[in-house]
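Participant: The following block contains the structure, expressed as C-alpha cells.
Derivation of every value follows stated rules applied to the coordinates shown; laboratory data play no part. Just so you know, these numbers come straight off a predicted model, no measurement behind them. So basically every Cβ, Gly included, is an ideal-geometry build from the backbone, and we count neighbours across all protein chains shown.
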C-alpha cells in the first residue's frame with residue numbers, strides 16, 4: 001500500500017516520522033509503524049470524548065486512546081490538539097483541562113486533506129468497525145477490566161466528559 005522513504009529517523013522533531021507515498025504519488029509525514037510496534041503499550045484504553053470540530057462548527061464524540069499501542073492499531077493513532085469545548089470551561093490551579101492527546105483516525109478516512117481539520121477522526125458510531133478490526137488484527141478486548149471500571153465509581157477525565165469504551169491488549 002505505501003512505500004517507506006528515509007528510514008524514519010530524523011532530527012529531534014521527526015524522531016518517529018517517516019515519509020509515505022500514497023496511491024496518488026503524494027508524499028506525507030506519518031508515524032513510523034515499525035518504531036511504534038516495538039515501543040508501544042501492549043494494553044491500552046479507548047474512550048469517547050467530546051470534540052469541537054472548529055472547521056465544521058459542530059461537536060462530535062471521537063475515539064481517543066491513552067497511549068500509543070503496539071501492533072497495527074498504531075497506524076491509526078494521531079496526536080491532536082483538543083480545542084476548548086466552551087469559553088466557560090477554563091483551567092484552574094486545581095482543575096486541569098487536557099489540551100492535547102492521542103485520537104484514533106477513522107478506518108475509512110481519506111488520505112490527504114481531510115485530516116487537516118479533524119475530518120479523519122473516528123467517531124463513536126465507528127466503534128463496532130474498530131472492534132472488528134482489533135479482533136482480526138490480533139487484539140483482545142479485555143471485558144473484565146472494562147466491566148470493573150464501568151461498574152466502579154472511578155471516572156476518568158471528567159472535565160472532558162470522557163466515557164470508557166474498553167481496554168484492549170495486543171497479543172503478539
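Participant: Please list 47-55, 77-85 highest first by mean number of surrounding beta-carbon atoms within 10 Å per residue. Kindly include the intermediate steps, with their values, before the conclusion.
Facilitator: Working: 47-55: 17.0, 77-85: 14.8.
In descending order of packing, they fall as 47-55, 77-85.
Participant: Provide the FRET efficiency to the nearest 0.05 for the residue 99-residue 163 pair, computing r from the beta carbons and using R0 = 22 Å.
Facilitator: Details: r = 20 Å, r/R0 = 0.89.
That pair, residue 99 with residue 163, gives E of 0.65.
Participant: What nm distance separates the two modelled labels at residue 85 and residue 136, each placed 7 Å from Cα along Cα→Cβ?
Facilitator: Here the answer is 3.3 nm between the modelled labels.
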